[in-house]
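Structure first, then comments.
Just so you know, all these numbers are worked out from the coordinates, no wet-lab data involved. For clarity, every value in this text was computed on a predicted model and none was experimentally measured. Using ideal geometry, Cβ is built from the backbone for each residue, glycine included, and neighbour counts are taken over all protein chains shown.
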Amino acid sequence: MERIPILRMGSFLLVTIQVDMHDRLAMTLQDDLTRRIVEVNAKGVLLDISSLDMVDSFIGRMISNIAAMSRVLDAETVVVGMQPAVAITLVELGLSLPNVRTALNVERGMELLRAAAQLVAEGADGRDSP
Amino acid sequence: MAAIRHEVIGVRTESDIVQVRQVVRQWAVQVGLGLVDQTKIVTAASELARNTVAYGGGGTLCLEALQEGARSGLRLTFEDRGPGIADVAKAMTDGYTSGTGMGLGLGGSKRLVNEFDIWSRPGEGTRVTVTRWR
Amino acid sequence: MTAYSAAHTTSAGKRLVDILRAHHSDILRDWIEVQIGRRSLPASELRAQCEEFLTLLVPALQNAHDPSIDGVSWQPAKEFLSNLSAVRAQQGFSPSETATFVFSLKQSIFQRIRDAGMTDAASIADDMWAATLLFDALGLYTTEVYQRGREQVIMRQQQDMLELSTPVVTLWDGVVALPLIGTLDSARTQVVMETLLHRIVETGATIAVIDITGVPTVDTLTAQHLLKTVTAARLMGAECIISGIRPQIAQTIVHLGVDLGDITTKSTLADAFRVALSRTGRTVTRTFAGAGPQRNGERPS
């Protein structure tokens, strides 16, 4: 069965969604991602949706779920590259994804993740080894 | 007002939902809808197709390219013979609660289109018709 | 404008007038019959239109000084066709269908030309040709009117677009400002969102200052539209600051119980700009010419 590839970049995971996802694929991604975060003790997840020309309520909820689950697992999620038409439609649909961090592109998203990871490391202050 | 072109496709499985998005996108482009309007009707179609598959037990989608005088439009009719919706008014207000919502996507879809019509009778089925004008 | 040869004008035109006069009711009946069944138009309306046009034809032909339909005698007939074209367009008829109103008259006219008792085949052909040119010109006139109508709509829409145009200015690297002038209704909000989001993509902005100094009133609906715009920008990674909140607006917002959530609001664009700079990691340093750079109360970098 097809899966969406999850790339590892240091302590971050990068997911690029490039296909028109059917519901089961979205659920599989959620499961795979959750498992992977634990496996590599990831500190952040970058979700690249710049190829998506449509986000409906199901995919919107998938994004929310991914962000919520990663947070529980002590990882930060940043969603990048939302297309303007998609953003306008989501807002009209009534989905604002309030607890999801966003950035314009992968580069910005990585900056955010690194900054967030930095804060966590500074806050840990020797309790955990970096 | 005339439908200058129409087509009926089956909406029964999850992959049909993906198919619906692609077909509606093609028709929206042909009718001449702008990018944002295309995205809106494709998203509405995805919601309604999912309803048809998940709650309606499968059904059909009829696409119509409309021409009324100088303006053109796209009309989608989703129909199923499923259990129907007991309280349509309530179903329209079901919102998206944070993650756990079982919202039928009807209220949201309505905001994405110019015209929205729904018929449903418990035990008989449901028919939702949405139209997006240029 | 199509013209028919001067050589035929007087004689052909005279004969046409005679035919129209002599067989008015027959021509009218036949003409109506040809059109019925083509499109749903109430019979009484169609009859009234046909009668009026036939009535206008005679004086137009009689008083024509030159072969074209540009002459002053054709004004009333053309005005009638102009109105008809507009009404039919509104009713959803295509320009071709409206032109057929004129073209279909040829059939009954030709029949009468043939029956006019002329033995000369060449003359019959000449008269038919003259009549053809005339009605073609009139039919084409209806399509020209339709064209002009469309062009007017386009021009009007372009004007609207200009008025609605939303200038997004870059205040600094990564900081853009959107001064809103006028009311913010649902349709305008769509345009505003589209423009702002595209500019955010183009400039890579992380902060957008929306200045509402030029927005006359902020009611619940306007606030909703503002919130939509802010949310859309946020989904694309840009944070919004709303500036230009006048005292009355502030009162209205509180009075209506509008919840702006955690959106930063400032009364002036300057204050908003200061916040934007600070949030993007910048400070402002004052320099005095000849005295070298001095920090002026800003936090040390």
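Data overview
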item	result
Where the Cα pairs of the protein assembly as shown fall when distances are cut into 20 Å bins, in %	17, 36, 26, 16, 5, 0
Between 0 and 90°, nearest 10: helix A:84-93 axis offset from chain A longest Cα axis	80
Estimated inter-spin distance, B:Thr93 and C:Arg279, nm [label 7 Å along Cα→Cβ]	3.5
Listed pairs C:Lys14/C:Lys78; A:Lys43/B:Lys40; C:Lys228/C:Lys266 exceeding 24 Å between Cα atoms	A:Lys43/B:Lys40
C:Ala187-C:Leu256 FRET efficiency (beta carbon distance; Förster radius 22 Å; 0.05 resolution)	0.50
Approximate spin-label separation B:Arg134-C:Gln91, in nm, with each point projected 7 Å along Cα-to-Cβ	2.4
Calculated FRET value between C:Ser44 and B:Gln67, using beta carbons and R₀ = 30 Å, to 0.05	0.65
Shielding by partners, peptide C:231-243 (average Cβ within 10 angstrom, other chains)	6
Rounded to 5, the percent of DSSP beta bridges in the stretch C:109-213 classed as antiparallel	40
Pairwise label distance in nanometres, A:Arg24 with B:Val29, each label 7 Å out on the Cα-Cβ vector	2.8
Fraction of beta bridges assigned by DSSP in the protein assembly as shown that are antiparallel (%, nearest 5)	65
Chain A - mean residue ellipticity at 222 nm from DSSP helices (-39,500 (n - 2.57) per run, n ≥ 4, rounded to 500)	-16000 deg cm²/dmol
Cα principal axis extents for the stretch C:169-282, largest first, Å	36, 28, 22
Whole-Å distance, taken between Cα centres, linking the stretch B:1-49 and the stretch A:3-64	26
Residue order, fewest to most beta carbons within 10 Å, for B:Lys90, C:Lys106, B:Lys40	B:Lys90, C:Lys106, B:Lys40
0 to 90° range, to nearest 10: angle between helix B:14-31 axis and chain B longest Cα axis	30
nm² value of the averaged projected area, convex hull over the Cα atoms of chain A	7.7
Tilt relative to chain A, helix A:23-40 - C-alpha long axis, 0 to 90 degrees, to 10	10
Shape metrics for chain C, restricted to C-alpha atoms - Rg then Dmax, Å	34.2, 111
Pairwise centroid distance, computed over Cα atoms, of the stretch C:36-101 with the stretch C:125-162, Å	12
Potential lengthening between C:Arg114 and C:Asp66 on full extension [0.36 nm per residue; Cα-Cα distance subtracted]	14.7 nm
All aspartates and glutamates inside 20 Å of B:Lys90 as judged from Cα atoms, apart from same-chain residues fewer than 8 positions distant	A:Glu92, B:Glu47, B:Glu79, B:Asp80, B:Glu115, B:Asp117, B:Glu124
